[in-house]
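Novice: I am attaching a structure below and will ask some questions about it afterwards.
Coordinate-derived values only; no laboratory data. Because the structure is predicted, anything quoted here is derived from the model rather than measured. Cβ placement follows ideal geometry from the backbone for every residue including glycine, while neighbour counts extend to all protein chains displayed.
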Amino acid sequence: MHKKTVIAAAPILIGTLALASCSSSKSSSSSSSGGNKPGYTIGFQGPLTGPNAQLGINIDNAVKLAVAQANASGSLPFTLKVAEADDQGDPAKGPTAAQQLIGNSNVVGVVGPTFSGATKAAEPLFAQANLASVSASATNSTLTDPANGFKTFFRIVPPDSAQGTSAADYMAKVLKAKSVYLIDDKSDYGVGLCGNIKAQLGTDGVQVTGDSVAAGTNDYSAVATKVANSGTQALYYCGYYADAAPLAKAMKNTPYTGKTLSDDGTNDPKFIALAGAASEGWQFTCPCLSAAAATDATTMKFVTDYTASANQPPGTYSPEGYDVANTLITVMKPLGTNVTRAGVAEGLKTVDYKGLTKQIKFQPNGEVTEKAIYVYQVQNGKITELGTVDKLIAG
Amino acid sequence: MCLSQHFWQFLIPGITLGCLYALIAIGYTLVYGVLQLINFAHSEVFMTGGFAGLFVCQALVGTGKVPHGAQSVSYMLAGICCSAVFGAIVAFLLERVAYRPLRRRNAPRLIYLITAIGASLFLFNLAGKLFGRDKANIPDLYTDGVVFTVFGAQVRVQQLIIVGAAVAMMLALDTVVNRTKLGAGIRAVAQDSQTASLMGVNINRVISQTFVIGGLLGGAAGFLFGTYLNVHYQMGFLPGIKAFAAAVLGGIGNIRGAMLGGLLLGIVESVSQSCMSSQWIDVVAFVVLILVLMFRPTGILGQRLGRAA
């Protein structure tokens, strides 16, 4: 992410800024021991630094946990490592990060990329290298369009079109909003999602006002004033928490009394940390399962293990990241000591694995078959699950 | 029509933002006045102030309840003072380490500019490395609420504090520059540094003092900005560029011009959004700048403090 607003007055500074924020990448390996077993590597691509790093870290930690557990189980015919490639969530850095993983011949499967924009930029390279990449979070609807030729791309979250339709129905049928104000952050993800919401709101007969504010904007007070003045009953922000937080703060400074909502990019405890009291009452739609709100034994064990290994509780897309890593491991295991990139890519087409979040089975275009959208709300400074949109609409 | 409908609702946040731009712009203009140098690293002085304020407030408030009454006032003052001091320290070091060696060697102007950009890159990357690259939130120091309304627009505690603090600092600065010996020194160096040194003004000391004064205001602005929004290692970039534009708008080198330019830029940015999509926010500011410079090439108030470079 982090597209700087470019100002014509300072070309020098902008050039140098681009230089300065050059990606840093690191490679870490989880401990592996095991005589003569061959070693394979699962790659991770996503933001590990930069303003939206938390979403990447959430997934990365889960991948490391899954790999460590698989190694420790002793049932693998090979040893596994994790290689990280940091793309900062930035489309411009997506291809470089992908190339780092492709260049590492031990990498047989990739978890990620994390953000839609970076995925779009990186996927042609993965397709060329026949290296399967399974995203736990990239939700832009167009990514699985066969015309793109991203033949090695899979994801275990439903696309924005599913989230957009559900979010619109939720606002129209559950919140009973007659008018909705949509703001996108001009990213591939934000624009795509808001477009989907707008289309469905039109079908639902809700009046829509739209605006876009580039991510990285500092001051949202004028935008907030506009929203308040419009007399809208609900505000939906399509973007990530780094920008949703200042927007929430600015909204609190207006007399606005309507509902405030955002998406899976904002559904993170960091949003509450940044926006403080202004985050109270915000609702999020998310194709993700919140580990914190879970009650079943498997998920609770995951929360305990994750917290112990990562020194922080699981965040948004941590369970999905864990599922993706385990899906890859499930595919790799029967291949024994002869795991190839082609073998993994082929195996994903027929995999059927029961993960934490859902039954993981892919359609031919790489979409997961199960598509539930959950609604969350910040209540007393904590993200609380309200249920799936389908259930909430049914009452 | 769109302008008149909600004019006041947009004006109030515009004034708040404008006051912050003005505080930063003063730092650019002061340094330009004495050195004819655009100190692009000033945006990092602003960022340092934000982080200093963040750490002070975290230490004071911790995870406890939102303070109130006299406690709020004292915390707020502590935050402002600390961030101002840290801003001043960074500005002082910047002058010592980056610019003074160049001055001693009579380096050409372009080298100063490159050094300024280099120092800026160094500082914000250092901050990113030390403090993390995530945004951070300064804990609430007071309970924000509506104080009164003007023509249907709400004025909040936060906005009053920012505007009040900024105006107080600007008045103090104006007095220092126009009424004290220190100010006389700055004005003398700005008008003609050679003659000033012949008259017994210690130029190096005056330049250091100028950086420190700019750093005090920039650091405090960083803290106020942080309480209003968030603190981030790149938080200085856009406000810095805007404040630089504001300084040019008012007449670079002219202190009152920087104040006026900052205020004007903040208001134009905010009010213009009542008519256009928010995508245009940064465009509008610079269109205004170009329009003003077309008709008044030296800015609204002209370059008064220094000679036209």
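Novice: When Lys and Arg each count +1 and Asp and Glu each count -1, what net charge do the other residues less than 12 Å away from B:Lys242, Cβ to Cβ, add up to?
Specialist: -3
Novice: Ratio of alpha-carbon Rg to the 2.2 N^0.38 Å globular estimate for the protein assembly as shown, to two decimals, please.
Specialist: Against the empirical 2.2 N^0.38 Å value, I get 1.02 for the protein assembly as shown.
Novice: Related question: Counting Lys and Arg as +1 and Asp and Glu as -1, each charge on the Cβ, what is the dipole of the protein assembly as shown about the Cα centre in debye, to the nearest 20?
Specialist: About 1780 debye.
Novice: Mind checking the full-extension length gain between B:Ala168 and B:Leu113? Use 0.36 nm per residue of separation minus the Cα-Cα distance, one decimal, nm.
Specialist: 16.7 nm
Novice: Pairing the Cα long axis of helix A:318-332 with the longest principal axis of chain A, what angle in degrees results, from 0 to 90 and rounded to the nearest 10?
Specialist: Approximately 30 degrees, to the nearest ten.
Novice: Right, next: Given +1 on the Cβ of Lys and Arg, -1 on the Cβ of Asp and Glu, and no further charges, what dipole in debye does chain B carry about its Cα centre, rounded to the nearest 20?
Specialist: 940 debye
Novice: For chain A, what does the relative contact order come out to in percent, with C-alpha contacts under 8 Å and a separation of six or more?
Specialist: 17 percent
Novice: Taking neighbour Cβ counts within 10 Å as the exposure measure, how do B:Glu269, A:Glu346, A:Glu84 sort from fewest upward?
Specialist: Lowest count first: A:Glu346, A:Glu84, B:Glu269.
Novice: Enumerate the lysines that A:Lys81 could reach by cross-link, defined here as Cα to Cα under 16 Å, with residues fewer than 8 away along the same chain left out.
Specialist: A:Lys81 reaches A:Lys26, A:Lys37, A:Lys64, A:Lys333.
Novice: Moving to a separate point now. Can you give the angle from 0 to 90° between the axis of helix B:109-131 and the longest principal axis of chain B, with both taken from C-alpha atoms, to the nearest 10?
Specialist: Computed tilt is about 40 degrees.
Novice: Only Cα pairs under 8 Å and at least 6 apart count here; give the relative contact order of region B:212-290 as a rounded whole percent.
Specialist: The value is 20 percent.
Novice: How far apart, in nm, are two points set 7 Å out from the Cα along the Cα-to-Cβ line at B:Arg104 and at B:Gln194?
Specialist: It works out to 2.3 nm between the two label points.
Novice: OK, next. Filter A:Lys358/B:Lys135; A:Lys198/A:Lys371; A:Lys173/A:Lys270; B:Lys65/B:Lys135; A:Lys176/A:Lys358 down to the pairs with a C-alpha to C-alpha distance above 26 Å, please.
Specialist: A:Lys358/B:Lys135; A:Lys173/A:Lys270; A:Lys176/A:Lys358
Novice: Moving on. Give me the extension gain from B:Lys129 to B:Ala78: residue separation times 0.36 nm, minus the current Cα-Cα distance, reported in nm with one decimal.
Specialist: Computed gain between B:Lys129 and B:Ala78 is 15.8 nm.
Novice: Follow-up question, since we're still on this one. Only Cα pairs under 8 Å and at least 6 apart count here; give the relative contact order of region A:199-296 as a rounded whole percent.
Specialist: 25 percent
Novice: Sort out the exposed loop trypsin sites (Lys or Arg not before Pro) in chain B (DSSP loop, at most 15 other Cβ within 10 Å) and tell me the longest stretch that has none.
Specialist: In chain B, the maximal stretch lacking such sites is B:106-306.
Novice: Which of B:Ile24, B:Ile161, B:Ile12 ends up with the largest GNM mean-square fluctuation for chain B, with Cα atoms connected below 10 Å?
Specialist: Maximum fluctuation in the GNM of chain B, among the listed residues, is at B:Ile161.
Novice: Can you list the aspartates and glutamates whose alpha carbon sits under 20 Å from that of A:Lys354, skipping same-chain ones fewer than 8 residues off?
Specialist: Candidates past the 8-residue exclusion: A:Asp296, A:Asp305, A:Glu320, A:Asp323, A:Glu346, A:Glu367, A:Glu370.
Novice: Here is a follow-up. Once each part is reduced to its C-alpha centroid, what is the distance from region B:207-248 to region A:200-274 in angstrom?
Specialist: Using only Cα atoms to place each centre, the spacing works out to 27 Å.
Novice: Further, regarding this structure: For the protein assembly as shown, with the dipole built from +1 on Lys and Arg beta-carbon atoms and -1 on Asp and Glu ones, taken about the Cα centre, which of A:Tyr236, B:Ala41, A:Phe271 lies farthest toward the positive end?
Specialist: Ranked along the dipole, the leading option is B:Ala41.
Novice: Once you charge only the Cβ atoms, +1 for Lys and Arg and -1 for Asp and Glu, what is the size of the charge dipole of region A:158-231 about its Cα centre, to the nearest 20 debye?
Specialist: 320 debye
Novice: Follow-up. Rounded to two decimals, what ratio of Rg to Rh does chain A give with C-alpha atoms and a Kirkwood Rh?
Specialist: Taking Rh as the inverse mean 1/r over Cα pairs, Rg/Rh reads 0.97.
Novice: Using the reciprocal of the averaged 1/r over all distinct C-alpha pairs, how large is the Kirkwood radius of region A:239-395 in Å?
Specialist: 17.5 Å
Novice: In region A:273-302, whose amide N lies under 20 Å from the spot 7 Å out along Cα-to-Cβ of A:Gln377? List them in ranges.
Specialist: It comes to A:273, A:275-295, nothing else.
Novice: Still on this structure, I have one more. With n ≥ 4 as the cut-off for DSSP H runs, can you work out [θ] at 222 nm for chain B, using -39500 (n - 2.57) per run divided by the number of residues, rounded to the nearest 500?
Specialist: Rounded to the nearest 500, it is -23500 deg cm²/dmol.
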